[in-house]
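First comes the structure, then the notes that go with it.
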Amino acid sequence: MTTNQKQHKKRSAFTAIAEIIATKQPDLKKKLKMADMSDNPVEFLEKVVSSAIFMSIGLIILTYLLLLDPLSYNLKVDIGMFILMVIAPLVVIPFVLFSYLMLLPEAAKIKRQKEMDYEIVFAGRHIVIALKSGMPLFDTFVGTSKGYGAVSKEFARIVDKVILGVPTTQAIRETVQYNPSKYFTRMLIQIANSLSSGADIGDSLENVLDQISKEQMISLKEYSQKLTPIVMFYMVFGIIVPSLGIVLATVVFSAISGGNFGFSSGILVIAFVMIALVQFLFLGFIESSRPKYLI
């Protein structure tokens, strides 16, 4: 990017808003590094603000179209409810979208952590076998920098730092500083400590890997025990309560109003969207809470 392009970008309205928000998000820089996102805080916030604004405009227009009948009715009989129905989408939708987009670094961090935890044991055993066969530590890092997914990417960074003249211990500590995987951090810190103390790296690393394997097995067993109540809550709040709740509400309100009350198509569409969102959140929670390890 040229200097003129950078200056033009700094003069944009979204960047100005992003700089204001960035001052209130002091930990955002660390979150972006933990998520391995290349944007700086201002660049990320600029994308979030612009996306939230454009998406909000579309969703607000769609909401007003779905609420057209209730808006027309309340304009005649209840001006207070009409004002509330007009203002609520303008406030709620941008806030929800902005809050959701701000969770992207955390989601990327969790994804990166799971990708690393998946391969960490096999990558560590590769290093142990190579070290016990007499291979130098740097060569084992070079060998592990391929074939182990996200773990290999981290070892490739260490290799690049060492090639540039950074001491191995320092390269390891710089790499794990913003790494979200506790298993990877533990393994690399053990290697760095063994290098500093002169202890046998292979033996100490093997003990750490055995402990990591046991912890991963325990995590898998805990997930299997939590799965049954999670599925039960999904069946109740994602299927039974929404479907029976709409039917029950229709019957009750019709009985109270003498048959004059009914749900409009707009309200039913909103209810459908809410039910779909609840089911999506439940399924997403089940999927995200499932540990994925290659043991």
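Towards the positive end of the charge dipole of the chain, with charges on Cβ (+1 Lys, Arg; -1 Asp, Glu), say which of ILE212, SER224, LEU268 has the farthest Cα.
After comparing all options, I get ILE212.
Between ALA199 and LYS146, what is the label-point separation in nm under the 7 Å Cα-to-beta-carbon projection?
3.3
Quick one: length gained pulling ASP139 to TYR64 fully straight, 0.36 nm per residue minus the C-alpha distance?
On the way: separation 75, 0.36 × 75 = 27.00 nm, distance 6.27 nm.
Stretched out fully, the ASP139 to TYR64 stretch lengthens by 20.7 nm.
Can you tell me how much longer the chain between LYS30 and VAL166 gets when fully stretched, taken as 0.36 nm per residue apart minus their C-alpha distance, in nm with one decimal?
Taking LYS30 through VAL166 to full extension adds about 46.7 nm, to one decimal.
From the helices alone, meaning DSSP H stretches of at least four residues, give me the mean residue ellipticity at 222 nm for the chain, per-run term -39500 (n - 2.57), in deg cm²/dmol to the nearest 500.
-27000 deg cm²/dmol
Explain nothing, just the number: dipole magnitude of the chain about its Cα centre with +1 on each Lys and Arg Cβ and -1 on each Asp and Glu Cβ, in debye rounded to the nearest 20.
With Lys and Arg at +1 and Asp and Glu at -1, about 420 debye.
Taking only Cα atoms, what is the 0 to 90° angle, nearest 10, from helix 201-235's long axis to the longest principal axis of the chain?
Compared with the principal axis, the helix lies near 20 degrees.
Can you tell which of VAL247, VAL92, VAL42 shows the greatest fluctuation in a Gaussian network model of the chain with Cα springs below 10 Å?
Evaluated over the chain, the most mobile residue of the options is VAL247.
If you take the C-alpha gyration tensor of the range 98-196, multiply each eigenvalue by 5 and take the square root, what semi-axes do you get, largest first, in whole Å? Intermediate results must be reported in sequence, preceding the final value.
Numbers: eigenvalues 135, 44, 26 Å².
Values for the range 98-196, descending: 26, 15, 11 Å.
Given an 8 Å cut-off on Cα distances and at least 6 residues of separation, report the relative contact order of the chain as a percent. Walk me through the numbers on the way to the answer.
Details: 246 pairs, mean separation 52.9, N = 295.
Rounded, it is 18 percent for the chain.
Would you tally the net charge around MET34, using a Cβ to Cβ cut-off of less than 11 Å, leaving MET34 out, and scoring K and R as +1, D and E as -1? All intermediate terms of the calculation are to be shown ahead of the outcome.
Values: positive: LYS29, LYS30, LYS31, LYS33, LYS109, ARG112; negative: ASP27, ASP36, GLU106.
Result for the neighbourhood of MET34: +3.
Between GLU106 and LYS226, what's the calculated FRET efficiency when r is the beta-carbon distance and R0 is 22 Å? Round to 0.05.
0.55
Just how large is the dipole of the range 10-102 about the Cα centre, in debye to the nearest 20, putting +1 at every Lys and Arg Cβ and -1 at every Asp and Glu Cβ?
Charge dipole, the range 10-102, about its Cα centre: 300 debye, nearest 20.
Enumerate the lysines that LYS221 could reach by cross-link, defined here as Cα to Cα under 23 Å, with residues fewer than 8 away along the same chain left out.
Candidates past the 8-residue exclusion: LYS111, LYS114, LYS182, LYS292.
Multiply the residue gap between ARG173 and ALA255 by 0.36 nm, knock off their C-alpha separation, and tell me the result in nm, one decimal place.
Working: separation 82, 0.36 × 82 = 29.52 nm, distance 6.91 nm.
Contour length minus Cα-Cα distance gives 22.6 nm.
Using Cα pairs closer than 8 Å and at least 6 residues apart in sequence, work out the relative contact order for the range 147-285, in percent.
Dividing the mean separation by the residue count of the range 147-285 yields 13 percent.
Cut-off 10 angstrom, C-alpha nodes, Gaussian network model of the chain. Which of PHE138, PHE14, PHE253 fluctuates the most?
PHE253
Among THR169, THR175, which comes first, then next, by fewest other beta-carbon atoms within 10 Å?
The fewest-first ordering by Cβ neighbours comes to THR169, THR175.
Run the quick spin-label model on LYS182 and SER289: label points 7 Å from Cα toward the beta carbon, then report their separation in nm to one decimal.
That separation, rounded to one decimal, is 1.7 nm.
Using the scaling law 2.2 N^0.38 Å as the reference, what is the normalised Cα Rg of the chain?
Cα-based Rg divided by the globular estimate yields 1.41.
Angle between the Cα long axis of helix 265-289 and the longest principal axis of the chain, 0 to 90 degrees, nearest 10?
Rounded to the nearest ten degrees, it is 20.
Where does helix 13-22 land angle-wise versus the long Cα axis of the chain, in degrees 0 to 90, nearest 10?
That works out to roughly 70 degrees.
What distance in nm lies between label points placed 7 Å from Cα along the C-beta direction at PHE54 and VAL77?
For the pair PHE54/VAL77, the computed spacing is 4.1 nm.
Nearest 20 debye, what's the magnitude of the dipole of the range 114-214 about its Cα centre given +1 on Lys and Arg Cβ and -1 on Asp and Glu Cβ?
The calculated dipole for the range 114-214 is roughly 180 debye.
Every number here is computed from the coordinates shown, using simple stated rules; none is lab data. Model, not experiment: these values are computed from the prediction. When we count neighbours, we look across all protein chains shown, and the Cβ atoms used for this are built from the backbone with ideal geometry, even at glycine.
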